[in-house]
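Peer 1: Please see the structure below; I have some questions.
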Amino acid sequence: MSAAARNVGLTAGASSSRMVASAFRQPALARSSRALSSSSSNSSVNGPFKATTPSTSTTSTSPTPSNIDRLSWGKYLQLRRSRRLAGMVTTIPTTFLAGAAAGSYFLTLEIDPSNSIAGLDPIYINASLTLACTGLGWLTGPTVGTSIWALLHRKNAKQIAQKDHDFYEHIKRNRVDPTRQSVQNPVPDYYGEKIGSIKQYRQWLRDQAAFRRKAAHGLEQDA
């Protein structure tokens, strides 16, 4: 074999090896070019911030309306009883403070017995004013107590207001007719003020039913 033939064979082998290598490199280059083009398009669309999708852990722990704690009837009735108790307790200090303040002012005034007011001795007028102020303190006690209670439970204010409305509808629908009361058969807790638990509410329903039976029995006797 001549030298020219050997050179031609070597040249053909080198060219074939280069073609095979380029064939293997082309898919890798195509993949890299596609990756670069996709990354550039994403960066042009999203800007400097990456588009994030909420993870499953975040969505599972996020509060939903079904997961929010709702005020149960048992809890509401307990809160209602504590609100009524707060109004009763604050009546004591407001009555005492109003009576003490009014007494320290009206009962220490200098009185001229010769100057009567509407034909009455001034001491009786001052004593009446002291009693009136004491009664005013007694009347404002529940308002002060419930206001303080509402301030302490303001986070549940909306739920309590809704429960108050629903509870009043229950009471209005199940209470008896007060026109059928008598001395022997008085109306049992017409406004349901003494209800402080589910058990007491059921007892209230039984009392209403007993009142209806007694009232119907009395009407039958009258007839």
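Peer 1: List, please: which pairs have Cβ atoms under 8 Å, are six or more places apart or on different chains, and start with a residue in the stretch 94-112 that is assigned by TED's automatic domain parsing to the domain that holds GLY137 and end with one that is surrounded by 18 or more Cβ atoms within 10 Å (Cβ to Cβ) and charged (D, E, K, R)?
Peer 2: Going by the 8 Å Cβ cut-off, there are no qualifying pairs.
Peer 1: Which of (1) exposed (fewer than 11 other Cβ atoms within 10 Å of the Cβ); (2) in contact with a Phe, Trp or Tyr (Cβ under 8 Å, 6 or more places away or on another chain) is the odd one out, the single condition ARG173 does not satisfy?
Peer 2: (2)
Peer 1: Restricting attention to the stretch 153-165, which residues are surrounded by 12 or more Cβ atoms within 10 Å (Cβ to Cβ) and part of a helix (DSSP H, G or I)? Walk me through it before giving the result.
Peer 2: Narrowing the stretch 153-165 to residues surrounded by 12 or more Cβ atoms within 10 Å (Cβ to Cβ): 153, 156, 159-160, 162-164.
Within the stretch 153-165, ASN156, GLN159, ILE160, GLN162, LYS163, ASP164 meet the criteria.
Peer 1: Also, I was wondering about something else. For the stretch 132-163, how many residues are without any contact (Cβ under 8 Å) to a residue 40 or more places away in the chain and either charged (D, E, K, R) or in contact with a Cys (Cβ under 8 Å, 6 or more places away or on another chain) (or both)?
Peer 2: Final tally of qualifying residues: 3.
Peer 1: Which residues, counting only those in the stretch 176-223, are crowded, with 16+ Cβ neighbours inside 10 Å, in contact with a Pro (Cβ under 8 Å, 6 or more places away or on another chain) and not in a helix (DSSP H, G or I)?
Peer 2: Result: VAL176, VAL187.
Peer 1: Condition check: within 15 Å of LEU77 (Cα to Cα) and under 35 Å from the mean Cα position of the chain (by Cα). Does TYR190 satisfy that? If you could, list the steps in order and put the result at the bottom.
Peer 2: On the way: within 15 Å of LEU77 (Cα to Cα): no; under 35 Å from the mean Cα position of the chain (by Cα): yes.
In short, no.
The values are calculated or read from the model by the stated rules, or taken from the named source; none is laboratory data. On a predicted model such as this, the values are computed, not experimentally measured, just so you know. Here the Cβ is made from the backbone with ideal geometry for all residues, glycine too, and neighbour counts use every protein chain on show.
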